[in-house]
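A.B. asks: Quick one: this structure, given as structure tokens, is what I'll be asking you about.
The values are calculated or read from the model by the stated rules, or taken from the named source; none is laboratory data. Values in this document were obtained by computation on a predicted structure and should not be read as measured data. Cβ placement follows ideal geometry from the backbone for every residue including glycine, while neighbour counts extend to all protein chains displayed.
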Amino acid sequence: MISEPELVGEDGYGRAELPGEHREPANGDKETLDAERPARRRPPWVWALAGAVGASALWAGGLFAYDRMGPDLGGYRATENLCEEAELKALTGALGQITNPSAQSAEHQALDRTMCHVSLEPEESQPQTDEDGNTFVSVPSARVTYELHRKVDPEVEFEATLNAPLDLFFDEKPPAKKIDGLGERAYLLSVEAGDARSLVVLDGQARLSISVSPAYSDDGESQSDLSAIGIEPLLVEDMKALMERLKRPA
């Protein structure tokens with residue numbers, strides 16, 4: 001007589017494994033089998049896709065932050081009265097004290113613009129009369145402009161607007177001399193037959209200029225030679241002081 005298969009109890013051998021049943025290895029064997037079993041590897045395109053998605057998320061986040069916060073203004077601030085910011089100590093020491101200051105400004109969420117015009121009156125300046133006997137005083141003058149671009153990069157149009165609006169009236173552009181060590185780019189322009197000088201600077205999101213015109217007689221002739229007094233270093237000195245002042249808190 002054939003008896004039922006004997007099930008082994010807890011005698012150290014464990015029970016018999018039935019068909020279709022997987023038996024876990026004894027203690028100490030599981031780690032060996034896991035080590036011998038090859039690890040599952042993800043296809044390379046999975047990692048590439050994950051990297052692309054991560055990069056896109058970072059780029060989108062950076063673009064959102066840029067649109068929300070705007071470009072880095074480099075410490076520059078807006079001002080309503082540029083005449084109070086532009087002391088022009090170098091120019092006044094050579095040409096005369098500031099008189100008749102006139103300032104204008106316009107603020108916008110994309111662009112802040114301001115301008116200052118002053119006369120530089122020498123101590124020995126004497127009134128003159130025109131052909132009709134009208135008395136007038138002809139003295140050198142200075143014009144300072146400041147633009148702070150809050151949305152777009154002014155570098156794209158900087159070269160094209162160096163001589164604006166002179167490009168609309170003259171066939172030949174006034175000569176431009178590059179000045180090193182001042183902002184990102186700077187040029188000294190000679191305008192009005194070489195009598196006047198204009199220093200134009202691009203520094204990040206800021207575009208600045210200081211222009212000096214000599215005194216003129218009633219017939220339009222220049223009464224002073226700006227090149228004779230070394231106008232270039234004076235403009236550079238006053239421009240550096242202005243740029244530094246516009247970065248200070250108001």
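A.B. asks: Tell me, which residue of the stretch 227-250 that is farther than 18 Å from residue 145 by Cβ and among the hydrophobic types (A, V, I, L, M, F, W, C) is surrounded by the fewest Cβ atoms within 10 Å (Cβ to Cβ)?
C.D. replies: 228
A.B. asks: Identify all residues within the stretch 81-124 that are in contact with a Ser or Thr (Cβ under 6 Å, 6 or more places away or on another chain), over 15 Å from residue 242 (Cα atoms) and either of a type in the set (Ser, Thr, Tyr) or surrounded by fewer than 18 Cβ atoms within 10 Å (Cβ to Cβ) (or both); write none if there are none.
C.D. replies: 99, 100, 105, 119
A.B. asks: What strands (runs of 3 or more DSSP E), lying completely within the stretch 90-176, carry at least 3 residues that are under 18 Å from the mean Cα position of the chain (by Cα) and either at pLDDT 90 or above or not aromatic (Phe, Trp, Tyr) (or both)?
C.D. replies: Because the criterion is at least 3 residues that are under 18 Å from the mean Cα position of the chain (by Cα) and either at pLDDT 90 or above or not aromatic (Phe, Trp, Tyr) (or both), the strands (runs of 3 or more DSSP E) in the stretch 90-176 that meet it are 111-121, 141-149.
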